[in-house]
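The values are calculated or read from the model by the stated rules, or taken from the named source; none is laboratory data. It should be emphasised that the depicted structure is a prediction, and the values quoted were computed from it without experimental measurement. Heads up, the Cβs are rebuilt from the backbone with ideal geometry, glycines too, and the neighbour counts pull from every protein chain shown.
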Amino acid sequence: MKKTPFNEIHRRLGAKLVEFAGFEMPIQYSGIVNEHNTVREGIGVFDVSHMGEFFVHGKDAEAFLQRNTLNDVTKLTAGKAQYTALVNESGLLLDDLIVYKLDNAYMVVANASNIEKDFNACLSRKSGDVKLENASDATALLSIQGPRSKDTLQKISDVDLSAIEYYHFAEGKIAGIDAIISRTGYTGEVGFEVFFGAEAEDCEKMWDAIFDAGKEFDILPIGLGARDTLRLEMGYCLYGNDIDETTNPIEAGLGWITKLDKGDFFGKDAIIRAKQNVTRKLVGFMMDENAIPRHGYEIHSGNGVKTGIVTSGTFSPTLGKGIGMGYVDSSLAGENTPISVDIRGKQTRAHVVKLPFVAKKN
């Protein structure tokens, strides 16, 4: 297994470590519910250095990204970020991404499990004056999330963090270390993601400085377990669960990032055909009984006919109920539609809800 630059810190803190996307990652420290509530109420820090970072250089970089991602890259100006996706020739999702426009290049952030696949796909489609650099192994990434994230980071940053709008970023220093400071995250809370060089000395210095600054707010390290419950309460997709190479962006609810009017792009014709024949949709649902849905459980219609599977499911610490997402027949995708989830052979009542489950604050 690969290790992030913070691996020894996780061990010292007594984290429970598991394999995730080829990396040894902390799934929890003090407990998932405690960590979840810490992010919702105060501040928590995630090591997400397993994520991939690519840089796209050259005078044709914008045109390259415009042809190969779903969103409209021409809308980006320096200092802005954009949620988007990469698809194959059949219009199916290779990955969901965030693209950052720097002064003279673009940074593309990819999911850890897809780094090699994404980079190879980009290489195979490269044309014109475009240079691709895979900086994943040389980049550390910490996500600082929660209502106290700005108060904490401002103590150790030379950037006015209150001036960074959602899905914008700035380049400056955190704890004296050069960094890209992005107002993004996967929790729905106010938060920042800090990209910087993965040298061991800088990683230790950055971690210690953030935790010293957040001590008065009872800052805690947060593992992948709470990251999953937090993102699911927001209705955010997880690649490999809710979206993959069997799903298209329309049925996955990602039509809002699929700009069919921007000109030609890879997979466009297939996506147009998919939009004309949507047979299933990804929905959020809430359990009506005291039960927790899990990935892979069958979803049934109100009259007991199998209609799909749970792609993500958990107990929501914020709501105190079981929640989930899954694909259902498009006729069942309306809000408040009754469904059931097969939990160990029992048809357990649930209903479709509008996402997100919990109001976003970011």
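Please go through region 103-116 and pick out each residue that is out of contact with any Phe, Trp or Tyr (no Cβ under 8 Å at 6 or more places or on another chain) and farther than 21 Å from residue 25 by Cα.
Within region 103-116, the subset out of contact with any Phe, Trp or Tyr (no Cβ under 8 Å at 6 or more places or on another chain) is 103-104, 115-116.
103, 104 - these are the residues of region 103-116 that are out of contact with any Phe, Trp or Tyr (no Cβ under 8 Å at 6 or more places or on another chain) and farther than 21 Å from residue 25 by Cα.
From (1) within 16 Å of residue 92 (Cα to Cα); (2) of a type in the set (D, E, K, R); (3) surrounded by fewer than 19 Cβ atoms within 10 Å (Cβ to Cβ), pick out the condition that doesn't hold for residue 262.
The one condition residue 262 does not meet is (1).
Among strands (runs of 3 or more DSSP E) lying entirely in region 246-362, which contain 2 or more residues that are more than 22 Å from residue 86 (Cβ to Cβ) and not hydrophobic (A, V, I, L, M, F, W, C)?
Where strands (runs of 3 or more DSSP E) fall fully within region 246-362 and carry at least 2 residues being more than 22 Å from residue 86 (Cβ to Cβ) and not hydrophobic (A, V, I, L, M, F, W, C), they are 298-301, 306-316, 321-329, 338-343, 346-353.
Determine, yes or no, whether residue 198 is out of contact with any Cys (no Cβ under 8 Å at 6 or more places or on another chain), more than 29 Å from residue 347 (Cα to Cα) and touching a residue at least 40 places away in the same chain (Cβ under 8 Å).
yes
Between 252, 226, which is assigned by TED's automatic domain parsing to the domain that holds residue 190 and within 20 Å of the chain's Cα centre (by Cα)?
226
Residues checked against (1) crowded, with 23+ Cβ neighbours inside 10 Å; (2) under 29 Å from residue 178 (Cβ atoms):
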| position | (1), (2) |
| --- | --- |
| 197 | no, yes |
| 200 | no, yes |
| 204 | no, yes |
| 216 | no, yes |
| 227 | yes, yes |
| 239 | no, no |
| 244 | no, no |
| 257 | no, no |
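Among the candidates 330, 301, 312, 316, single out the residue that is in contact with a Phe, Trp or Tyr (Cβ under 7 Å, 6 or more places away or on another chain), among the hydroxyl-bearing types (Ser, Thr, Tyr) and touching a residue at least 12 places away in the same chain (Cβ under 8 Å). First the steps, then the outcome.
Details: 330 fails: in contact with a Phe, Trp or Tyr (Cβ under 7 Å, 6 or more places away or on another chain); 301 fails: in contact with a Phe, Trp or Tyr (Cβ under 7 Å, 6 or more places away or on another chain); 312 fails: in contact with a Phe, Trp or Tyr (Cβ under 7 Å, 6 or more places away or on another chain).
That would be 316, the only listed residue that is in contact with a Phe, Trp or Tyr (Cβ under 7 Å, 6 or more places away or on another chain), among the hydroxyl-bearing types (Ser, Thr, Tyr) and touching a residue at least 12 places away in the same chain (Cβ under 8 Å).
With (1) surrounded by 19 or more Cβ atoms within 10 Å (Cβ to Cβ); (2) out of contact with any helix residue (DSSP H, G or I) (no Cβ under 6 Å at 6 or more places or on another chain); (3) not in a helix (DSSP H, G or I) as the list, and residue 140 as the residue in question, which single condition is left unmet?
(2)
Is it the case, given these coordinates, that residue 350 is modelled with pLDDT of 95 or more, more than 25 Å from the chain's Cα centre (by Cα), surrounded by 21 or more Cβ atoms within 10 Å (Cβ to Cβ) and among the aliphatic types (A, V, I, L, M)? Before the answer, list the steps.
Details: modelled with pLDDT of 95 or more: yes; more than 25 Å from the chain's Cα centre (by Cα): yes; surrounded by 21 or more Cβ atoms within 10 Å (Cβ to Cβ): yes; among the aliphatic types (A, V, I, L, M): yes.
Answer is yes for this residue.
Can you confirm whether residue 314 is among the hydroxyl-bearing types (Ser, Thr, Tyr), closer than 19 Å to residue 31 by Cβ and in the same structural domain as residue 344 (by TED's automatic domain parsing)? Before the answer, list the steps.
On the way: among the hydroxyl-bearing types (Ser, Thr, Tyr): yes; closer than 19 Å to residue 31 by Cβ: yes; in the same structural domain as residue 344 (by TED's automatic domain parsing): yes.
Criteria met by residue 314.
Considering only region 246-280, how many residues are under 15 Å from residue 72 (Cβ atoms) and free of Cβ contacts under 8 Å to residues at least 60 places away in the same chain?
Of the residues in that region, 4 qualify.
Just wondering, is there one or more residues in region 24-38 that are over 23 Å from residue 100 (Cβ atoms) and charged (D, E, K, R)? Even if it seems obvious, please write down each step before you answer.
First, the residues of region 24-38 that are over 23 Å from residue 100 (Cβ atoms): 24-38.
Still in the list and also charged (D, E, K, R): 24, 35.
Checked region 24-38: at least one residue is over 23 Å from residue 100 (Cβ atoms) and charged (D, E, K, R).
Within region 119-136, can one find any residue that is closer than 24 Å to residue 259 by Cβ and surrounded by 21 or more Cβ atoms within 10 Å (Cβ to Cβ)?
yes
Select from region 150-195 the residues that are polar (S, T, N, Q), within 23 Å of residue 82 (Cα to Cα) and buried (at least 18 other Cβ atoms within 10 Å of the Cβ) and list them in ascending order. Show your work before the answer.
Keep residues of region 150-195 that are polar (S, T, N, Q), which gives 152, 154, 157, 162, 182, 184, 187.
Next, from what is left, pick out any that are within 23 Å of residue 82 (Cα to Cα): 162, 182, 184, 187.
Listed by number, the residues that qualify are 182, 184, 187.
Out of region 275-290, which residues are over 11 Å from residue 340 (Cα atoms) and either crowded, with 21+ Cβ neighbours inside 10 Å or in contact with a strand residue (DSSP E or B) (Cβ under 6 Å, 6 or more places away or on another chain) (or both)?
First, pick out the residues of region 275-290 that are over 11 Å from residue 340 (Cα atoms): 275-284, 290.
Across region 275-290, the qualifying residues are 280, 282, 283, 284.
Which of the strands (runs of 3 or more DSSP E) found entirely inside region 9-94 contain at least 1 residues meeting this: within 19 Å of the chain's Cα centre (by Cα), in contact (Cβ under 8 Å) with a residue 12 or more places away in the chain and within 19 Å of residue 263 (Cα to Cα)? It would help to see each step written out before you state the result.
Numbers: elements: 16-20, 23-28, 44-47, 52-57, 81-87.
Filter on region 9-94 gives 81-87.
When residue 253 is evaluated against the numbered criteria (1) closer than 26 Å to residue 118 by Cα; (2) modelled with pLDDT under 95, which criterion, by number, is the only one it fails?
It fails just one condition, (2).
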